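*Asks:* So that we are looking at the same thing, I have put the structure below in structure tokens.
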Amino acid sequence: MHRSLIRPVHSYVGQDGILRRIGNPPGVGPGITYGPIANRRQVTNLPYKLALLLLFVFCTLATAEPADWIYTAHYVVTMDPQHRLIEDGAIAIRADRIVGVGKRADIEKQFQARQRLDRPTALIMPGLVNTHTHAAMSLLRGIADDLRLQDWLEKYIFPAEAKNVTPDFVLWGTRLACLEMMLSGTTTYVDMYYFEDRVAQATKEAGMRGVLGETILQFKSPDSATPKDALQLTEKFLQQYHGDPLIVAAVAPHAIFTNTDADLRAARKLADKYKAPLLIHLSETKRENDDALKTRGMSPTRLLDLLGVLEGPVIAAHGVWLDDADMKILKAHATGIAHCPSSNMKLASGVAAIGKLFSLGIPVGLGTDGPAGSNNDFDLMEEMNLAANLQKVTTGDPTALPAEQAIAMATILGARVAGLDKEIGSLEPGKRADLITLRLDRPHAVPMYNVYSQIVYALKGSDVEDVVVNGKPIVREGRSLTLNQISILAKAKEYGAKIAASLK
Ligand SMILES: [Zn+2]
């Protein structure tokens, strides 16, 4: 239903004795003109015509399905199984779900929405899924760069975390991270850190979706004296967020080299009890693999398999040093991989064999990893670009990881890795309404020959204009509707000064 049709139309006789209609400006109302009506017959027919018009409006309203929102755009990039790309497209949303996806004219005919947003110079695509990060580390952004992993961890990160990571730090750090993520198009993220209840609190304030796990370590951590304490905190968190519409509570043992076999087994048991996903770092560095081979006589993947950790949904971050036998194991268990190109490049960890993983049908999503030194930001648009280019330069094959596949990694495949592909990751009726709009009216966005190429090789996180999660708008015209940017930035600077002083 076109909005101008339902505008009230009034008639009146002017001082010159000529009947006029008002209500629609020139050229807007379909079939209704503004101005003198010279023909007397038309004057006498007017009530009849109005009645017909009202009847038409009534019938259209009566047959149209109700919706809360209609979003229209130049393109709708669905990432559905057919990868439908709809020009002059629209999405209809009712409550938290998508109820219609199609051509604008068809959606407008089929649905009568209470509200609408038209973006004729933008595209709509599914919200982005960040499959691996440590959000609250935003407050440690750039604290130490260009260092070897061991120096970075031991001289900077561990001391900074020991002195500064409190529930308040995690709350504000996650608020800062969520603000940055939503403004660059991420709607769902997978997180492992400490005080995960505060991570969940900030995520819900933001109106974002999170798969969140309390980090389990064999050492003392900022919130747990022992791994047993961390497992207990995890169980409490699993109970607290059971059935939450936005939060999926997970179990997150850090890695094979920071957890005992017994703790890894206990983590698996806990995940089984609550049917929760398990998050872990896997084969990130050559050293991790070499040490496992030396001390355990097998690869990290083989060890996890032997311990039964892979018997259930697992999100394994990195997977840089997987060999063919490892990949076979992961394939057999349908383990998902979070590929983090920025982190792997910056820490010189190596390059994951994405083409091989895909050829085996192993789901691979994209992750930013933490912003403290392995990336420094949460921009998933940048990760799409880096993932595509990294595969090309390392395989010597410019056809490796094409743009459309990089977008799938950031959307539907990321959702599959996160165990949420039945609910999110593509724009299809029945799925949750998680979507973003990207501006197409800036110099780097014109002309456009291929929408997928434009998204991966030209558009930026800063082109995100609107974000909707679970049917609810959380970003409009590049501004957060849920988080207070001024107070978050002020608090982040305050923390920055405090953390710098603590390291002196
Ligand atoms: Zn990580």
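The values are calculated or read from the model by the stated rules, or taken from the named source; none is laboratory data. This one's a predicted model, so the numbers in the text were calculated from it and none came from an experiment. Neighbour counts run over all protein chains shown; Cβ positions are idealised from the backbone, glycine included.
*Asks:* Go through the stretch 56-108 and report how many residues are among the basic types (Lys, Arg) and either closer than 26 Å to Arg416 by Cβ or at pLDDT below 95 (or both).
*Replies:* Residues in the stretch 56-108 being among the basic types (Lys, Arg) and either closer than 26 Å to Arg416 by Cβ or at pLDDT below 95 (or both): 3 in total.
*Asks:* Another question about this same structure. Filter the stretch 485-504 for residues that are charged (D, E, K, R) and closer than 12 Å to Pro159 by Cα and give the result.
*Replies:* Lys504
*Asks:* Considering each residue of the stretch 188-223, count those that are of a type outside the set (A, V, I, L, M, F, W, C), surrounded by fewer than 22 Cβ atoms within 10 Å (Cβ to Cβ) and out of contact with any strand residue (DSSP E or B) (no Cβ under 8 Å at 6 or more places or on another chain), and give that number.
*Replies:* Total meeting the criteria: 6.
*Asks:* Can we say Ala271 is outside any strand (DSSP E or B), touching a residue at least 40 places away in the same chain (Cβ under 8 Å) and of a type in the set (A, V, I, L, M, F, W, C)?
*Replies:* Judged against the criteria, Ala271 is a match.
*Asks:* Scan (1) surrounded by fewer than 22 Cβ atoms within 10 Å (Cβ to Cβ); (2) in a helix (DSSP H, G or I) for the single condition Ala230 breaks and write down its number.
*Replies:* That leaves (1) as the condition not met.
Residues checked against (1) hydroxyl-bearing (Ser, Thr, Tyr); (2) out of contact with any Asp or Glu (no Cβ under 9 Å at 6 or more places or on another chain):
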position: Tyr457; (1), (2): yes, yes
position: Glu465; (1), (2): no, no
position: Gly471; (1), (2): no, no
position: Arg476; (1), (2): no, no
position: Asn484; (1), (2): no, yes
position: Ser487; (1), (2): yes, yes
position: Glu494; (1), (2): no, yes
position: Ala501; (1), (2): no, yes
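*Asks:* Output the qualifying pairs, or none if there are none: Cβ atoms under 6 angstrom, residues six or more apart or on different chains, first residue in the stretch 400-423 and surrounded by 24 or more Cβ atoms within 10 Å (Cβ to Cβ), second residue acidic (Asp, Glu).
*Replies:* Close Cβ pairs satisfying both conditions: Ala415/Asp421.
*Asks:* In addition: Say we look at the stretch 311-363 and pick out the residues that are within 23 Å of the chain's Cα centre (by Cα) and of a type in the set (S, T, N, Q); which of these is nearest to the ligand (Cβ to nearest atom)?
*Replies:* Ser343
*Asks:* Find the residue count for the stretch 401-419, including only residues that are of a type in the set (A, V, I, L, M) and more than 13 Å from Val456 (Cβ to Cβ).
*Replies:* Qualifying residue count for the region: 5.
*Asks:* Follow-up question, since we're still on this one. Among the helices (runs of 4 or more DSSP H) lying completely within the stretch 100-207, list those that include at least 1 residues that are of a type outside the set (A, V, I, L, M) and within 16 Å of the ligand (Cβ to nearest atom).
*Replies:* 158-164, 167-183, 196-206
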